[in-house]
Amino acid sequence: MPRLLSVICLLVFAWGWLGLGTPQAVASHIQGGQLTYQALGANQYKVTLAVFRDCGGSSFASIRPELEYRTTGCQGGPWPKERLTLVAGSQRIGDPYCATGPFGASPCGVGRPTNFETGLFEAVVTLPPAPEWTLSVTLGARPKLGNVDVGSELCYFEATLNNLIGGQAIENTAPQNDPLNAVIPFVCWRQDTQLSFATTEPDGDSLVYSLGRSLENCGDTTTYLPYTASRAIDLTPKGSTSFCAAFIPPGVSLLFRPTFPIASFAYSGSCPTKTATPNFLFNPTLGTITFTPAFFRPGINMAENKYAVVGTITEWRRVRKANGTTTAYKVGSVRRDILVIVIDCNANLTPAPPVATGAPKTSVRIASSRDSTFITAYSCNYTEVRLKFTDPNPADKLTVTYPELDPATPSLLTPAYLPAGVATFRVVANETSTPTGILKIRPDAAFVGRTFRIPVKIEDNSCPIKGITYRTIVLRIAAGNFARATASAPVIYAGSGAAVTLSATPFRPDSVGASPAQYGYRWTAANGLNPADSTRPTLTVRPTQTTRYQVRVLGLSFPAGLCQDTASVLVKVVVPDGKVPNIFTPNGDGLNETFVIPINPPGSRLQIFNRWGRKVRDYIDYANDWTGDDQPAGIYFYRLTDHSGGQSKGWVQLAR
């Protein structure tokens with residue numbers, strides 16, 4: 001019976017695979033791109049079109065884009081046009097392959113492995129304030145794809161600008177693509193994959209990421225294709241004689257869609273038959289995508305291995321009105337049309353996600369997801385987090401790259417990702433099998449509530465195709481309450497004159513580089529506190545009443561005044577049994593020199609104990625003559641037992 005089931009599965013799968021289509025030669029060459037803009041002042045905007053073309057297709061010289069811009073959406077026309085000019089020196093050929101491969105790191109030409117070339121086109125246009133401008137460019141020669149019907153082979157790029165919001169004219173620069181993101185991602189069949197279309201935001205606006213549809217013209221969306229003609233997915237390992245397949249449950253759509261542009265599944269059960277559940281994850285906060293490609297068609301430049309993924313980034317800005325209230329307005333949007341190419345990486349496995357650990361005694365919190373490492377650190381503390389990078393193929397060497405995090409002069413193309421005043425990041429032992437990232441975090445109070453993102457690319461040296469993993473390190477700064485104050489005796493008895501040791505400490509006294517961290521202390525004047533001790537971390541007080549002692553701990557290794565925290569400790573001075581205290585003062589003045597018991601029946605026994613419970617005197621028929629002898633000042637307790645066994649208890653204060 002199992003063998004019959006395997007044969008049936010093979011037949012079903014083969015029928016479904018044939019339904020995906022036949023090999024397709026590539027004559028068209030526009031793989032993807034995006035349209036952005038930059039405010040120049042006086043209502044002028046520099047519009048930039050980034051074009052990603054197939055290396056084996058027509059050259060950039062054959063691309064002559066025209067920018068259309070209008071305030072009527074997709075209605076009306078004809079619209080104004082402006083020719084975009086190719087930016088000299090902007091062209092770059094991709095290098096996704098290893099240098100020692102059969103065609104080198106950057107193959108280009110018909111019959112060679114798929115590769116890409118990028119280039120930028122620019123134009124300057126005047127856009128007076130309007131509720132919404134629509135900027136667009138339409139190019140032909142889009143290749144056939146595995147997930148959408150390209151129809152007319154038109155590729156439509158679009159961006160919007162809202163430079164009149166709430167009745168106010170504004171300027172806005174569009175989000176800029178993170179240069180570390182792959183232009184044309186090559187992803188491994190059946191391997192967990194992380195991609196990102198995250199951007200930087202020069203105006204500080206809030207960004208929302210979403211997935212959308214490919215367009216052929218304004219408002220004219222492409223049609224999605226089925227990702228399989230059957231519900232069977234072959235999971236049989238290469239070279240294996242035992243068959244394994246997964247089945248997609250009935251009721252699950254077999255069509256691609258904007259939020260499921262690449263067939264990706266999670267599997268449950270065991271071979272020979274498993275259950276496949278769609279599993280394509282998207283993070284709208286970070287703009288990251290996580291998936292595991294389920295299908296691959298052998299051959300060079302196969303259309304079935306190419307997928308259009310469209311990311312939209314929408315900007316929102318809060319504007320204060322005349323009445324003092326604030327409202328969030330949409331100020332623009334950009335779309336990025338990405339071509340994802342699935343390849344067979346054979347035995348090469350992509351680099352593993354990094355493992356992050358905090359230094360001992362730190363309060364840092366670390367959590368990981370499939371696409372990101374989340375770190376929460378606290379202000380006014382020095383923390384070190386180490387990220388260990390590894391590869392499932394032990395012989396592979398890894399190269400970890402990231403953008404310049406705090407450029408001396410930030411610009412649109414080189415923004416500040418992470419100010420050095422917050423943290424620094426470096427990689428040691430790079431281009432080895434075990435690089436380590438070192439994140440030294442040292443934020444002051446000015447950065448509380450801020451979040452910083454470090455994009456990281458991890459690339460192995462496998463051949464002919466390199467394995468690549470993308471990772472986002474998300475650093476959040478929370479308020480650090482780092483001062484602590486303690487008392488050696490939180491409760492003492494009234495009149496005891498007891499000494500109490502107060503200690504102030506940082507939550508985490510640590511080092512800054514090779515030197516100890518420096519802290520200052522300021523105690524507030526209070527009962528029993530000597531003003532001369534007010535700047536010491538540890539001091540002695542002798543309170544005569546219940547007192548709360550307050551201290552400020554100053555982080556002297558941080559900018560002056562930005563790292564200080566207050567702490568307090570309460571010392572209670574209590575009266576035993578809640579009475580007015582009994583006091584005797586054997587000081588030689590002839591007054592109140594001894595301990596006197598008002599009622600002392602004949603034959604009674606008096607026992608006197610110090611405050612630790614040790615008996616210091618034991619009398620029969622006490623004569624009211626105890627002067628304290630050599631005992632120290634303080635509170636003493638007594639127990640009086642009469643001749644019938646009845647007892648009474650009390651206390652007395654010895655004061656000298």
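The values are calculated or read from the model by the stated rules, or taken from the named source; none is laboratory data. Note that the structure is predicted; figures quoted are calculated from it, not measured. Please note: Cβ atoms are built from the backbone with ideal geometry, for glycine as well, and neighbour counts cover all protein chains shown. Areas reflect the complete protein model, heavy atoms only, side chains present, ligands, DNA and RNA absent. Shrake-Rupley method; radii C 1.70, N 1.55, O 1.52, S 1.80 Å.
Which one of Ser206, Ser214 is surrounded by fewer than 18 Cβ atoms within 10 Å (Cβ to Cβ), touching a residue at least 60 places away in the same chain (Cβ under 8 Å) and either touching a Phe, Trp or Tyr at 6+ places or on another chain (Cβ under 6 Å) or of a type in the set (S, T, N, Q) (or both)? Step by step, each of Ser206, Ser214 is checked, and only Ser206 is surrounded by fewer than 18 Cβ atoms within 10 Å (Cβ to Cβ), touching a residue at least 60 places away in the same chain (Cβ under 8 Å) and either touching a Phe, Trp or Tyr at 6+ places or on another chain (Cβ under 6 Å) or of a type in the set (S, T, N, Q) (or both). Kindly check whether there is at least one residue in the stretch 547-562 that is among the β-branched types (Val, Ile, Thr), within 30 Å of Gly520 (Cβ to Cβ) and assigned to a loop (DSSP other than H, G, I, E, B). Scanning the stretch 547-562, I find no residue that is among the β-branched types (Val, Ile, Thr), within 30 Å of Gly520 (Cβ to Cβ) and assigned to a loop (DSSP other than H, G, I, E, B), so the answer is no. Within the stretch 140-148, does at least one residue satisfy the condition of being open to solvent by less than 30 Å² (accessible area, probe 1.4 Å), out of contact with any helix residue (DSSP H, G or I) (no Cβ under 6 Å at 6 or more places or on another chain), under 30 Å from Leu349 (Cβ atoms) and modelled with pLDDT under 90? Yes; the residues of the stretch 140-148 include at least one that is open to solvent by less than 30 Å² (accessible area, probe 1.4 Å), out of contact with any helix residue (DSSP H, G or I) (no Cβ under 6 Å at 6 or more places or on another chain), under 30 Å from Leu349 (Cβ atoms) and modelled with pLDDT under 90.
Is it the case that some residue within the stretch 310-318 is in a loop (DSSP other than H, G, I, E, B) and open to solvent by 30 Å² or more (accessible area, probe 1.4 Å)? Taking every residue of the stretch 310-318 in turn, none turns out to be in a loop (DSSP other than H, G, I, E, B) and open to solvent by 30 Å² or more (accessible area, probe 1.4 Å).
Scanning the stretch 229-268 for residues that are in a strand (DSSP E or B), in contact (Cβ under 8 Å) with a residue 12 or more places away in the chain and either at positive phi or of a type in the set (Gly, Ala, Ser) (or both) returns Ala232, Ala245, Ala246, Ser264, Ala266. Condition first: of a type in the set (Asp, Glu), within 25 Å of Pro185 (Cβ to Cβ) and surrounded by fewer than 17 Cβ atoms within 10 Å (Cβ to Cβ). Can you find one or more residues in the stretch 53-60 that meet it? The answer is no; no qualifying residue exists. Residue count for the stretch 372-414 satisfying the condition of being at pLDDT 90 or above, within 19 Å of the chain's Cα centre (by Cα) and part of a loop (DSSP other than H, G, I, E, B): 6.
Residue count for the stretch 615-638, restricted to those that are in contact (Cβ under 8 Å) with a residue 24 or more places away in the chain and open to solvent by less than 70 Å² (accessible area, probe 1.4 Å): 11.
Can you say whether Ala99 is more than 14 Å from Ser136 (Cα to Cα), modelled with pLDDT of 95 or more and under 39 Å from the mean Cα position of the chain (by Cα), as far as the supplied structure shows? When the stated conditions are applied, Ala99 does not pass them. When Ile458 is tested against the conditions (1) modelled with pLDDT under 95; (2) open to solvent by less than 20 Å² (accessible area, probe 1.4 Å); (3) in contact with a Phe, Trp or Tyr (Cβ under 8 Å, 6 or more places away or on another chain), the lone failure is (1). Considering only residues of the stretch 186-228 that are hydrophobic (A, V, I, L, M, F, W, C) and part of a strand (DSSP E or B), which is nearest to Ile454 (Cα to Cα)? The selected residue is Leu195.
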